[in-house]
Amino acid sequence: MNAIVERFNPLFKPKTVAVVGASTKGAALPNVFIRRIRELGFTGPIYPIHPTAPEIDGLKAYRSLADTPEPIDYTFIAIAGALIPPLLAAANGRVKFAQVVSSGFGEVDEGRDLQQKLVDAAHAGGMRLLGPNCLGIYSPRGHLTFTEIGPRPAGSVGVVSQSGGLGTDIVRRGLNRGIKFSGLVTVGNCADIGPSDMLEYYFADPDTRVIGMYIETARDARRIFEILRAEKARKPVVLLKGGRTKLGLAAAVSHTGSLAGDDRAWVALSRQTGCILAESLDEFIDTLLIFQTLTPRADKPTERVVLFGNGGGASVLATDTYARLGLEVAPFAQDTIDALAELKLPPGTSITNPVDCPVGTLQQDDGRVAEKIVDIIYGIGKPEALVMHLNMAPFVGRSKPEVLDNVVLAAMRVQQKFPGLAHFLLVLRSDGDEQIEARKREFRAKAVELGIPVFDEIGNAGYALKALRAHERFLQSRSG
Amino acid sequence: MTAQKLIAAAKQDGRAALDELAGKQLLASFGISVPKSVITKDAAAVAQAIAGMQPPFALKVMSPEILHKSDAGGVKIGLKNAEELEQAITAMAAAPQIKTARVDGWLIEEMAPAGQEVVVGAVRDPNFGPLVMVGLGGIFVEILADVAFRICPITRLDAAEMLDELKGVALLDGARGRVRASREAIIDVLLKIGGENGLLMQHAEDFKEADINPLIVSANGAVAVDARFVLA
């Protein structure tokens, strides 16, 4: 096994876990942690460490990290900061990773010395340190979590976040969008393990195919650059950088307590290493999703995009948005238009590009008409991407429930008939109505199961496509 | 003089920056073209100093106390012979800001052939290390901030992409009646500054910032006409 993977496996897939700070009353954060990882299916030994209690939450407690029956892969620590250095120093080489939730370290002036003591103690105790001031790790492979969620399948998206709160947002929103994680690590003050260590790990980890980073201040920026430079975008890396404006920078400094780099450097980083710079949390998640579901094509970067769906005005606006993003939603050549005209679709249907089909058209043959349309688009038009957008409101109540399924399944059949021709993206537009939201959620889950990336608006899909194209172009420009 | 010695000498002198001649010698030691030049201590020695050099000449005051030579009246261009140079030195020495300053000498340079003004710069980022920058000269850099940055070291492809990133890139091809400027010559300078074995990688800790402004680029080559290296 790769040495880096081997080094970090005990963090992502611990066999034994110790918990420091759990109370006999069962109400402290470490008690919650014990409950959550059990719910997530962690079945290995859990060792509570407590100065006096014989037992916590039905588990036998130990006095010190050196006293447990087995060595400890992962230790969760939430006690007063000043008590932690002696605890770690006494571990006697029996702990591989210690995660410190507690704050009051380097993120405040008066905590700087204590943070140094913490680092020294971790070295003395022979372990790597995550945090302090960090929520911890979400690793479905290892049944670890810091946020309240039920069991979820492990996946291929690995994320490192310098903010715990935003890390929580990324996990929860990402899961709801169909992202499956190989891990999400919050690194807090990065006293020892920093974003570059996680970047290096995710590149080495065979389970991870897509990497996401939320960074505010990176003292290890040079190392991030060198790793990205050496890897040449072998796996797509999506970077969300906080503090890119002067005021944002000031906010980041007070959040993590260290100086952030210049925005020009981050833009340069993106241009020369091919990592994608996302502008917002939504764009970050949309972009992770597209890389999780679609295979980038270095030999044929995405240029020509077809929009197909219901909603004339929406597709006109989207055409504008895509043009601004440099994505080409250009009218079809005459042969494609002629072939579509042969279908004799009802009046009100537009068959250039964007292809605008009112619900009346789409419910023909219970939605199977979409197969004929997409077949012509793929067979004759040969675009690099098709964005199918469905405004749910006109469907719900007006057509049979299966029409929506049939439209998408019809497109999927054509997709399979032309393997590797075009990227397929689905946009499910909802007006926020309760019934429609419920239908959308259910429908999105089905689509995600089929490996289709689903977006909330046509524009969001455009930003993700732009990122995919940037990645494809980078690979193409650096090949050979 | 080698790069190390130039830097050491400036530090020993207590300078905040390399003087213009030292800056150009540093560039020359990395293979970047600089104008043929000579320093004279006084007007009387000019004729002897410029023997074998081609007019027209540029004349610049050398003084660690004068940061903006043009503003102080310390730059004169288009001088045709020794006589014009002597007169210019005498006049320059009498300018109010120069009269009171410590003057190390007078720099006489052959003028670069006509071309487009380009700026090549460098800054040291505390986390990323040295960055290299390129922009088109004059208003493009100063007012429009039309510049591109990369983290060092850069590759030839990175350098080419930096140029393509400039909004004014078409000007290099001779748009709006300009002289065509050699892209390859600019790319070569960028690599000598920011490439794998370039100046910035070898002296990452020595400089806080630097710029070549202007780099005069013609269809055949590029010449660094002014250089500023601020010591770290």
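The values are calculated or read from the model by the stated rules, or taken from the named source; none is laboratory data. Note that the structure is a prediction, hence the values are computed from the model and not measured. Neighbour counts run over all protein chains shown; Cβ positions are idealised from the backbone, glycine included.
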For this session: Scan region A:437-454 and give yes if some residue there is more than 14 Å from every other protein chain (Cβ to nearest Cβ), under 19 Å from the mean Cα position of the chain (by Cα) and at pLDDT 95 or above, otherwise no.
Result: yes
Exercise. Within region B:66-82, how many residues are at pLDDT below 90 and either loosely packed, with under 15 Cβ neighbours inside 10 Å or outside any loop (DSSP other than H, G, I, E, B) (or both)?
Worked result: 4
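Yes or no, residue by residue, for (1) surrounded by fewer than 23 Cβ atoms within 10 Å (Cβ to Cβ); (2) assigned to a loop (DSSP other than H, G, I, E, B); (3) within 14 Å of chain B (Cβ to nearest Cβ); (4) not small (Gly, Ala, Ser):
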{"site": "A:226", "(1), (2), (3), (4)": "yes, no, yes, yes"}
{"site": "A:239", "(1), (2), (3), (4)": "no, no, yes, yes"}
{"site": "A:282", "(1), (2), (3), (4)": "yes, no, no, yes"}
{"site": "A:287", "(1), (2), (3), (4)": "no, no, no, yes"}
{"site": "A:290", "(1), (2), (3), (4)": "no, no, no, yes"}
{"site": "A:306", "(1), (2), (3), (4)": "no, no, no, yes"}
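Within region A:331-339, is even one residue outside any loop (DSSP other than H, G, I, E, B), farther than 21 Å from residue A:454 by Cα and either in contact with a Phe, Trp or Tyr (Cβ under 7 Å, 6 or more places away or on another chain) or aliphatic (A, V, I, L, M) (or both)? It would help to see each step written out before you state the result.
So in region A:331-339, the residues outside any loop (DSSP other than H, G, I, E, B) come out as A:334-339.
Keeping just the survivors that are farther than 21 Å from residue A:454 by Cα gives A:334-339.
Remaining after also requiring either in contact with a Phe, Trp or Tyr (Cβ under 7 Å, 6 or more places away or on another chain) or aliphatic (A, V, I, L, M) (or both): A:337, A:339.
Taking every residue of region A:331-339 in turn, at least one turns out to be outside any loop (DSSP other than H, G, I, E, B), farther than 21 Å from residue A:454 by Cα and either in contact with a Phe, Trp or Tyr (Cβ under 7 Å, 6 or more places away or on another chain) or aliphatic (A, V, I, L, M) (or both).
Take residue A:264 and tell me if it is within 23 Å of the chain's Cα centre (by Cα) and not assigned by TED's automatic domain parsing to the domain that holds residue A:378.
Values: within 23 Å of the chain's Cα centre (by Cα): no; not assigned by TED's automatic domain parsing to the domain that holds residue A:378: yes.
No.
Residues are listed down the side, and each one gets a yes or a no for (1) out of contact with any Leu (no Cβ under 6 Å at 6 or more places or on another chain); (2) in contact (Cβ under 8 Å) with a residue 24 or more places away in the chain; (3) crowded, with 17+ Cβ neighbours inside 10 Å:
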{"residue": "A:322", "(1), (2), (3)": "yes, yes, yes"}
{"residue": "A:336", "(1), (2), (3)": "yes, yes, yes"}
{"residue": "A:351", "(1), (2), (3)": "no, no, yes"}
{"residue": "A:354", "(1), (2), (3)": "no, yes, yes"}
{"residue": "A:363", "(1), (2), (3)": "yes, yes, yes"}
{"residue": "A:377", "(1), (2), (3)": "yes, yes, yes"}
{"residue": "A:382", "(1), (2), (3)": "yes, yes, no"}
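Name every residue in region B:180-200 that is within 12 Å of another protein chain (Cβ to nearest Cβ) and either farther than 19 Å from residue B:222 by Cα or surrounded by fewer than 23 Cβ atoms within 10 Å (Cβ to Cβ) (or both), in order of residue number. Even if it seems obvious, please write down each step before you answer.
Of region B:180-200, the ones within 12 Å of another protein chain (Cβ to nearest Cβ) are B:194, B:196.
Across region B:180-200, the qualifying residue is only B:196.
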Seminar exercise, completed: When region A:181-224 is checked residue by residue, the ones that are assigned to a strand (DSSP E or B) and buried (at least 24 other Cβ atoms within 10 Å of the Cβ) are A:181, A:183, A:184, A:185, A:186, A:210, A:211, A:212, A:213, A:214, A:215
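So how many residues does region B:108-161 have that are farther than 20 Å from residue B:206 by Cα and of a type outside the set (Asp, Glu)? First the steps, then the outcome.
Taking region B:108-161 and keeping what is farther than 20 Å from residue B:206 by Cα, we get B:108-119, B:134-148, B:155-161.
From what is left, the residues that are of a type outside the set (Asp, Glu) are B:108, B:111-116, B:118-119, B:134-141, B:143-145, B:147-148, B:155-157, B:159-160.
Final tally of qualifying residues: 27.
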Exercise. In this structure, is residue A:43 among the polar types (S, T, N, Q) and buried (at least 19 other Cβ atoms within 10 Å of the Cβ)?
Worked result: no
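Tell me the helices (runs of 4 or more DSSP H) entirely within region A:16-127 that contain at least 2 residues that are aliphatic (A, V, I, L, M) and under 19 Å from residue A:144 (Cα atoms). Talk me through it step by step, then tell me what you get.
On the way: elements: A:29-39, A:84-89, A:112-125.
The helices (runs of 4 or more DSSP H) meeting that bar are A:29-39.
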Problem set entry | Among the residues listed as A:83, A:59, A:65, A:88, the single one being touching a helix residue (DSSP H, G or I) at 6+ places or on another chain (Cβ under 9 Å), surrounded by fewer than 17 Cβ atoms within 10 Å (Cβ to Cβ) and modelled with pLDDT of 95 or more | A:59
Exercise. Taking region B:31-65, which residues are within 30 Å of residue B:185 (Cα to Cα) and either in contact with a Gly (Cβ under 7 Å, 6 or more places away or on another chain) or part of a strand (DSSP E or B) (or both)?
Worked result: B:33, B:37, B:38, B:39, B:56, B:57, B:58, B:59, B:60, B:61, B:62
Problem set entry | Odd one out for residue A:399 among (1) under 22 Å from residue A:298 (Cα atoms); (2) part of a loop (DSSP other than H, G, I, E, B); (3) touching a residue at least 40 places away in the same chain (Cβ under 8 Å) | (1)
Exercise. Taking the stated definitions as given, is residue A:63 farther than 21 Å from residue A:193 by Cβ, outside the structural domain of residue A:147 (by TED's automatic domain parsing), in contact with a strand residue (DSSP E or B) (Cβ under 8 Å, 6 or more places away or on another chain) and basic (Lys, Arg)?
Worked result: yes
Exercise. If residue A:29 satisfies every condition in (1) touching a residue at least 40 places away in the same chain (Cβ under 8 Å); (2) within 13 Å of residue A:125 (Cα to Cα); (3) hydrophobic (A, V, I, L, M, F, W, C) but one, which is the exception?
Worked result: (2)
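Okay, residues lined up against (1) in contact (Cβ under 8 Å) with a residue 24 or more places away in the chain; (2) among the β-branched types (Val, Ile, Thr); (3) out of contact with any Asp or Glu (no Cβ under 6 Å at 6 or more places or on another chain):
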position	(1), (2), (3)
B:67	no, no, yes
B:70	no, no, yes
B:74	yes, no, yes
B:85	yes, no, yes
B:126	no, no, yes
B:139	no, yes, yes
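Based on what the data block shows, is residue A:386 touching a residue at least 12 places away in the same chain (Cβ under 8 Å) and not in a helix (DSSP H, G or I)? Steps first, answer last, please.
On the way: touching a residue at least 12 places away in the same chain (Cβ under 8 Å): yes; not in a helix (DSSP H, G or I): yes.
Criteria met by residue A:386.
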For this session: Test each condition in (1) out of contact with any Phe, Trp or Tyr (no Cβ under 9 Å at 6 or more places or on another chain); (2) more than 30 Å from residue B:61 (Cβ to Cβ); (3) of a type in the set (D, E, K, R) for residue B:146 and report the one that comes out false.
Result: (1)
For this session: Mind telling me which of the residues B:85, B:27, B:18 ends up being over 28 Å from residue B:231 (Cα atoms) and either at pLDDT 90 or above or not hydrophobic (A, V, I, L, M, F, W, C) (or both)?
Result: B:85
For this session: Tell me which of these residue B:213 doesn't satisfy, since it passes every other one: (1) buried (at least 19 other Cβ atoms within 10 Å of the Cβ); (2) within 14 Å of chain A (Cβ to nearest Cβ); (3) of a type in the set (S, T, N, Q).
Result: (2)
Exercise. Pick from A:95, A:100: which is within 12 Å of residue A:192 (Cβ to Cβ), under 30 Å from the mean Cα position of the chain (by Cα), at pLDDT 95 or above and surrounded by 18 or more Cβ atoms within 10 Å (Cβ to Cβ)?
Worked result: A:100
Exercise. Can you find even one residue in region A:68-88 that is within 15 Å of residue A:192 (Cα to Cα) and either touching an Asp or Glu at 6+ places or on another chain (Cβ under 8 Å) or not assigned by TED's automatic domain parsing to the domain that holds residue A:36 (or both)?
Worked result: yes
For this session: Given the conditions (1) farther than 22 Å from residue A:454 by Cα; (2) at pLDDT 95 or above, report the number of the one that residue A:278 does not fulfil.
Result: (1)
